[in-house]
Amino acid sequence: MVILAVLGVVVAKDALKDRQRTQGAESSEIQAHLSRERETVPQEAAGSASEETAAPQASEGEPPPAQPSAAARPTGAGSGEPATPPQQAQAASTPQQAAPKPEGPLPGSELAACLKSGRPTMADFGKGWCEPCKMMVPILEQAAQDYWGKANIVFVELQNYGELGRQYRIAVMPTQVFFDAKGKEVTRHMGYMGTEDIERELAALGVKK
């Protein structure tokens, strides 16, 4: 019986030692786990702090950054607004000048255009070498000045425009043919024609100096 009691005490002591070793190992593992957690938490905290430093929030009460106004934005390439070419800007700012008065009657080449201009027309048919035609030169030049913009004054040189002489059946030089604003012949006169007679015929067509 004594031997059994001794054996029981030995076995109990061995079991107690085994339990203590097991508890010690478990305690070491728990401490190691806690140590690893303490090392991980500061690193995560440091990472979040760096993120907050890299992306700071706008302080309250500070206005947002001003955007450039439409007037301050440049125009031209890339802005969607075409720049005005210098030539067009200069042409727009320069008023159109009126055409200068002619120095004399228009040539026969302008007769067709004159009859479509919407203004009355007087066409003098002749040749430069005939005496009555020479006498008509200063009268036609003055009439071109007096009726500029109101009526067309044309001299048809038959040596250059013989087809017009045949078209209008010119038999005497000079011959003056008067057309209304629609280009229709109204009257004609053969021979020399003075200024007063020309003024009277044009007045009958509604044109005055």
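What follows is calculated from the coordinates using simple rules that are stated; it is not laboratory data. Since we're looking at a predicted model, the values are computed, not measured. Glycine gets a Cβ as well: all are built from the backbone with ideal geometry, and neighbour counts include every protein chain shown.
Given the options ARG188, ARG200, ARG169, name the one that is crowded, with 16+ Cβ neighbours inside 10 Å and charged (D, E, K, R). Break it down into steps so the answer makes sense when it comes.
Working: ARG200 fails: crowded, with 16+ Cβ neighbours inside 10 Å; ARG169 fails: crowded, with 16+ Cβ neighbours inside 10 Å.
Sole residue among the options that is crowded, with 16+ Cβ neighbours inside 10 Å and charged (D, E, K, R): ARG188.
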Next on the checklist: more than 15 Å from GLY183 (Cα to Cα) and exposed (fewer than 15 other Cβ atoms within 10 Å of the Cβ): is that true of SER109 in this structure?
Outcome noted: yes
Checklist entry - Inside region 172-185, can you point out the residues that are surrounded by 15 or more Cβ atoms within 10 Å (Cβ to Cβ), of a type outside the set (A, V, I, L, M) and in contact with a strand residue (DSSP E or B) (Cβ under 6 Å, 6 or more places away or on another chain)? => result PRO174, THR175, GLN176, PHE178, PHE179, ASP180
Next on the checklist: Quick check on region 148-166: of everything there that is out of contact with any strand residue (DSSP E or B) (no Cβ under 6 Å at 6 or more places or on another chain) and under 23 Å from GLU199 (Cβ atoms), which residue is surrounded by the fewest Cβ atoms within 10 Å (Cβ to Cβ)?
Outcome noted: GLY149
